[in-house]
């Protein structure tokens, strides 16, 4: 029997958990299981070894379930599968085995794999098994913060790994995860995002939540970061539009449908509802058009405070 973790939202959609969903996840989220937690010791992560195998990741609970049970109750209710790894002995090989099983009972959906640096041949084999997008958890925005928050491996190894992943999966198919609120400045965040896009990768933004699940990031700061990412997605330079010292947008953005900047960023179909925020708000990452419309007036207020008029 193979044990994995699944988000409570995923289990609720599959009918394996009686849990009222404010918003359905569009992606089925799974997490590799380790009874002792991840061997990495990232200070911000509830899965880190120092916390002894917590069932939390972000604000979300991830119960342990057998892969066989997932297969038995699987149904066509998602647009993507996301499998996230943890560091433990043999984790790359186990991850490939899990992916092979998932592909056997779900032959059609696109699969994303979130992983720390692993040897090239694992990336090639994962692609053969149907993984078409990769997530890389760089998380921090500077080498100093990388060390302070106890990330595994080295800052430069993550960059080499990202470059290798883009070579294998293609430009636009590798998402580097960045967590805001770890001590970076907005300018430092934008500089690391620029480097990511120059490599042919893209950015998925997260806001830091503490052990109680409370957001630690100013919403104005987060909206500016979302806009910077959106500007880079449109192959423009955020420096031309954002005043980093004053934390305002000083020039009109030549981009239509700017509200797209404030949806959850990441792989197509990744809406991860309330992974980093309470349903009560503020909604840092807006998971759907329905919730965007419900939150629209509040969003307008937030954007007015940084010089943007919707």
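Only the coordinates and a few stated rules stand behind these numbers; no lab work does. None of these values were measured; they are calculated from a predicted model. Glycine gets a Cβ as well: all are built from the backbone with ideal geometry, and neighbour counts include every protein chain shown.
For the reader, a short list of remarks on this structure follows.
- Antiparallel content of DSSP bridges confined to the stretch 1-152, in %, to 5: 35 percent
- Reduced Cα scattering model of the stretch 94-200, Debye log10 I(q)/I(0), q = 0.11, 0.12, 0.21 Å⁻¹: -0.37, -0.44, -1.08
- Residues of the stretch 82-110 falling in the label zone of residue 164, defined by backbone nitrogen less than 15 Å from a point 7 Å along Cα to beta-carbon, are 92-93.
- Of 134, 236, 293, the one that fluctuates the most in a GNM where the chain has Cα springs shorter than 10 Å: 293
- Shape descriptor for the stretch 253-310: Rg over Rh equals 0.95 (Cα atoms; Rh from the Kirkwood inverse mean 1/r).
- Of the beta bridges in the chain, as assigned by DSSP with both residues counted there, near 30 percent are antiparallel.
- Computed over the chain, the per-residue total of -39500 (n - 2.57) for DSSP H runs of n ≥ 4 gives a 222 nm mean residue ellipticity of -10000 deg cm²/dmol, rounded to 500.
- One chain, two ends: residue 71 and residue 195. Fully extended at 0.36 nm per residue, the span grows by 40.7 nm beyond their Cα-Cα distance.
- DSSP beta bridge pairing in the stretch 99-245, given as percent antiparallel to the nearest 5: 5 percent
- To the nearest ten degrees, helix 289-304 and the longest principal axis of the Cα atoms of the chain are 40 degrees apart.
- Prolate is the label for the stretch 3-304. Its Cα gyration tensor axes, ordered a ≥ b ≥ c, give a/c of at least 1.5 and a/b above b/c.
- Computed over the stretch 3-304, relative contact order equals 15 percent, with contacts defined as Cα pairs under 8 Å that lie 6+ residues apart.
- FRET efficiency, residue 51 to residue 218 (Cβ-Cβ, R0 35 Å, nearest 0.05): 0.85
- GNM top mover of 123, 99, 291 - the chain, alpha-carbon springs below 10 Å: 291
- Between 290, 229, 187, the Gaussian network model of the chain with springs among Cα atoms under 10 angstrom shows the greatest mean-square fluctuation at 290.
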